[in-house]
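Asks: This is the structure, below, for whatever I ask next.
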Amino acid sequence: MTIEEYLAAGITPFHVVETSKKLLEEAGYEELALDQEWKLEDGKGYFVSPYPSSFYAFYTGSKDLRMMAGHTDSPVLKLKPSPTIPREEYRVANVEAYGGMILHTWFDRPLGLAGKLVLKGKDAFAPKVVLYDSKKPLAVISSLAIHMDREVNKKNELKVQEHLLPLFTIEGGKEEGKDLLLSYVARDLGISYEEILDFDLIFYNPQKPEAVGLEGELLVSPRLDNLTSCYAGLEAMREKKPGGSTAVLALFDNEEVGSRSKQGADSSLLSMILDKMMLAMRESKTCSNISKEELVTRGFFASMDVAHAWHHNYSGKSDLTTKTYLGRGLVLKSSGAQRYNSDSYSNGVILELCKENKIAVQRQINHSDVAGGTTLGPIVSSYLPVYGVDLGIGILGMHSACETGGKKDVKALVKWAKVYSK
């Protein structure tokens with residue numbers, strides 16, 4: 001699967017996980033259940049997904065533990081309960097912002113609807129979960145004409161509840177006792193409306209990834225943050241061979257809203273999975289005997305998330321001397337305020353690894369007066385105190401409905417992940 005295909009398939013965190021499962025199953029990985037006993041073999045890959053929006057894979061090998069992490073979520077418009085709102089003869093959808101969105105980038109583009117529905121199951125504590133994708137655009141958020149707002153280009157204030165409600169029909173239909181939009185979803189899935197208990201549905205940008213530029217050197221697509229990192233980690237896991245390191249890949253959800261959830265990085269789930277994995281490896285006659293203490297001393301953790309590239313129209317937002325450019329390789333991120341996991345020791349490891357393997361690498365540090373975001377690294381290192389780094393590819397338009405990166409940079413990140421976890 002190409003990066004373009006992965007980006008197009010990963011329209012929601014749930015679809016990212018389903019796609020990731022298929023990729024590793026094709027590579028011979030075996031699915032495990034968290035509530036069952038694990039019997040592991042040396043030189044074999046496994047994965048577990050206790051929750052449908054997060055994914056954890058590992059490959060058994062030596063005592064050298066190489067961990068990688070990315071996140072499955074992106075800033076989007078999330079559907080609220082009872083989502084249909086009548087507006088004269090129109091019908092709009094009630095939504096909330098998920099994550100730090102660049103709101104104006106969602107105007108005047110076709111929007112699809114996708115996510116997870118929870119349906120009645122065999123009993124109250126065993127509901128059925130199904131994924132949904134409209135497969136076609138269902139809604140649009142239209143701008144107000146400049147003739148009606150002459151100051152529009154001088155203003156920047158937008159309110160989700162007032163200005164970003166997607167219009168999904170002008171026919172003004174209604175169904176007694178039923179939500180119009182949810183009724184459509186039920187019919188599209190071939191289920192009864194009454195089966196729906198709850199849902200996690202989002203409006204997504206269905207634009208396909210495109211090569212842009214005189215040489216097609218730019219990758220323009222929704223969800224570069226952070227599916228480029230998920231893809232690199234998966235490609236590395238797919239190429240694992242017996243005799244190498246024990247590699248772990250964690251794809252968390254909810255990074256864009258702080259990671260404080262059962263499926264987020266600020267959960268005990270990763271630590272629980274590692275403990276269960278190491279116990280099964282100790283009990284096996286063929287697997288290496290790894291202890292938690294050895295994990296800390298011999299382990300290394302790579303938090304893989306996108307970085308801010310130097311912007312040609314806003315050059316004053318970057319550091320004065322340490323600039324990151326599209327097309328110049330992967331980006332190693334540092335922060336004196338510990339917004340990233342990297343320190344001088346772990347940076348040295350990565351820089352030498354890149355030099356030995358001829359992988360293009362750049363450094364990024366934020367402008368002293370422009371605070372950048374934080375990510376997975378510092379959170380995970382608070383409960384797994386191993387050496388580690390934050391790195392990824394540089395992009396423009398981070399958190400836009402459509403972002404821009406360099407195609408060479410994705411290739412560099414994939415190569416790095418394969419070398420790192422070998």
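The values are calculated or read from the model by the stated rules, or taken from the named source; none is laboratory data. This is a predicted model, so every value here is computed, not measured. Heads up, the Cβs are rebuilt from the backbone with ideal geometry, glycines too, and the neighbour counts pull from every protein chain shown.
Asks: Taking segment 183-241 only, how many residues are out of contact with any Ser or Thr (no Cβ under 8 Å at 6 or more places or on another chain), part of a loop (DSSP other than H, G, I, E, B) and more than 30 Å from Asp123 (Cα to Cα)?
Replies: 9
Results for (1) under 21 Å from Asp200 (Cα atoms); (2) of a type in the set (A, V, I, L, M); (3) without any contact (Cβ under 8 Å) to a residue 60 or more places away in the chain, shown as yes or no for each residue.
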{"residue": "Lys240", "(1), (2), (3)": "no, no, no"}
{"residue": "Ser245", "(1), (2), (3)": "no, no, no"}
{"residue": "Leu249", "(1), (2), (3)": "no, yes, no"}
{"residue": "Val257", "(1), (2), (3)": "yes, yes, no"}
{"residue": "Ala265", "(1), (2), (3)": "yes, yes, no"}
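Asks: Let me ask another. What pairs can you find where one residue is in segment 153-182 and in the same structural domain as Pro137 (by TED's automatic domain parsing) and closer than 14 Å to Glu96 by Cβ, the other is modelled with pLDDT of 80 or more and assigned to a helix (DSSP H, G or I), and their Cβ atoms are less than 9 Å apart, with a gap of 6+ or different chains?
Replies: Leu158/Leu103; Leu158/His104; Lys159/Leu103; Val160/Leu103; His163/Leu103; Leu164/Leu103; Leu164/Trp106; Pro166/Trp106
Asks: Right, next: Given the criterion under 23 Å from Phe199 (Cβ atoms) and either of a type in the set (S, T, N, Q) or in a loop (DSSP other than H, G, I, E, B) (or both), identify the matching residue among Ser74, Ser62. Show your work before the answer.
Replies: Details: Ser62 fails: under 23 Å from Phe199 (Cβ atoms).
Answer to the check: Ser74.
Asks: Moving on. Got a sec? Which of Asp42, Asp108 is out of contact with any helix residue (DSSP H, G or I) (no Cβ under 9 Å at 6 or more places or on another chain) and surrounded by fewer than 24 Cβ atoms within 10 Å (Cβ to Cβ)?
Replies: Going through Asp42, Asp108 in turn, the sole match is Asp108.
Asks: In segment 187-200, is there at least one residue being within 17 Å of the chain's Cα centre (by Cα) and either surrounded by fewer than 23 Cβ atoms within 10 Å (Cβ to Cβ) or farther than 21 Å from Pro52 by Cα (or both)?
Replies: Yes, segment 187-200 contains at least one residue that is within 17 Å of the chain's Cα centre (by Cα) and either surrounded by fewer than 23 Cβ atoms within 10 Å (Cβ to Cβ) or farther than 21 Å from Pro52 by Cα (or both).
Asks: Could you grab the pairs with beta carbons closer than 9 Å, sequence gap of 6+ or different chains, first residue in segment 290-317 and farther than 25 Å from His71 by Cβ, second one assigned to a loop (DSSP other than H, G, I, E, B) and among the acidic types (Asp, Glu)?
Replies: So the pair list comes out as Arg298/Asp64.
Asks: Give me the pairs: first residue in segment 112-132 and outside any strand (DSSP E or B), second residue surrounded by 15 or more Cβ atoms within 10 Å (Cβ to Cβ) and modelled with pLDDT of 95 or more, beta-carbon distance under 6 Å, and six or more apart or on different chains, which are they?
Replies: Here the result reads Lys120/Glu195; Gly121/Pro127; Pro127/Val118, each pair linking segment 112-132 to a residue that is surrounded by 15 or more Cβ atoms within 10 Å (Cβ to Cβ) and modelled with pLDDT of 95 or more.
Asks: While we're here: For residues that are surrounded by fewer than 18 Cβ atoms within 10 Å (Cβ to Cβ) and touching a residue at least 40 places away in the same chain (Cβ under 8 Å), tally how many sit in segment 328-338.
Replies: 1
Asks: Still on this structure, I have one more. Suppose we filter segment 1-24 for residues that are crowded, with 17+ Cβ neighbours inside 10 Å, of a type in the set (S, T, N, Q) and assigned to a loop (DSSP other than H, G, I, E, B); how many remain?
Replies: 1
Asks: For segment 72-131, which residues satisfy the criterion of being within 29 Å of Glu157 (Cα to Cα), out of contact with any Ser or Thr (no Cβ under 8 Å at 6 or more places or on another chain) and charged (D, E, K, R)?
Replies: Correct list: Lys78, Lys80, Arg87, Glu88, Glu89, Glu96, Arg109.
Asks: Select from segment 25-59 the residues that are touching a residue at least 40 places away in the same chain (Cβ under 8 Å), among the hydrophobic types (A, V, I, L, M, F, W, C) and not in a loop (DSSP other than H, G, I, E, B) and list them in ascending order.
Replies: Selection gives Val48, Phe55, Ala57, Phe58.
Asks: When you scan segment 249-285, how many residues do you find that are in a loop (DSSP other than H, G, I, E, B), closer than 18 Å to Leu34 by Cα and among the basic types (Lys, Arg)?
Replies: Residues meeting the conditions: 1.
Asks: Given the structure, is Ile141 surrounded by 15 or more Cβ atoms within 10 Å (Cβ to Cβ) and either in contact (Cβ under 8 Å) with a residue 12 or more places away in the chain or not polar (S, T, N, Q) (or both)?
Replies: For Ile141, the condition - surrounded by 15 or more Cβ atoms within 10 Å (Cβ to Cβ) and either in contact (Cβ under 8 Å) with a residue 12 or more places away in the chain or not polar (S, T, N, Q) (or both) - is met.
Asks: Next question, about the same structure. Only one of (1) outside any strand (DSSP E or B); (2) within 23 Å of Asp275 (Cα to Cα) is not met by Met67, so which one is it?
Replies: Exception for Met67: condition (1).
Asks: Restricting attention to segment 210-253, report how many residues are crowded, with 22+ Cβ neighbours inside 10 Å, at pLDDT 95 or above and not basic (Lys, Arg).
Replies: 23
Asks: Conditions: (1) in a helix (DSSP H, G or I); (2) buried (at least 21 other Cβ atoms within 10 Å of the Cβ). Asn341 meets all but one. Number of the miss?
Replies: (1)
Asks: Tell me, please, whether a residue that is crowded, with 19+ Cβ neighbours inside 10 Å and under 27 Å from Tyr420 (Cα atoms) can be found in segment 74-91.
Replies: Yes: one or more hits.
Asks: A further question on this structure: Here are Ile350, Ile365: which of them is of a type in the set (Val, Ile, Thr), buried (at least 18 other Cβ atoms within 10 Å of the Cβ) and in a strand (DSSP E or B)? Lay out the reasoning, then the answer.
Replies: Numbers: Ile350 fails: in a strand (DSSP E or B).
Among Ile350, Ile365, only Ile365 is of a type in the set (Val, Ile, Thr), buried (at least 18 other Cβ atoms within 10 Å of the Cβ) and in a strand (DSSP E or B).
Asks: If you check Gly28 against the conditions, is it more than 28 Å from Leu218 (Cα to Cα), in contact with a Pro (Cβ under 7 Å, 6 or more places away or on another chain) and small (Gly, Ala, Ser)?
Replies: no
Asks: Would you mention how many residues in segment 387-408 are more than 26 Å from Lys241 (Cβ to Cβ) and in contact with a strand residue (DSSP E or B) (Cβ under 9 Å, 6 or more places away or on another chain)?
Replies: So the answer is 13.
Asks: Examine segment 105-112 for a residue that is more than 19 Å from Ser259 (Cβ to Cβ) and touching a His at 6+ places or on another chain (Cβ under 9 Å), and state whether such a residue exists.
Replies: yes
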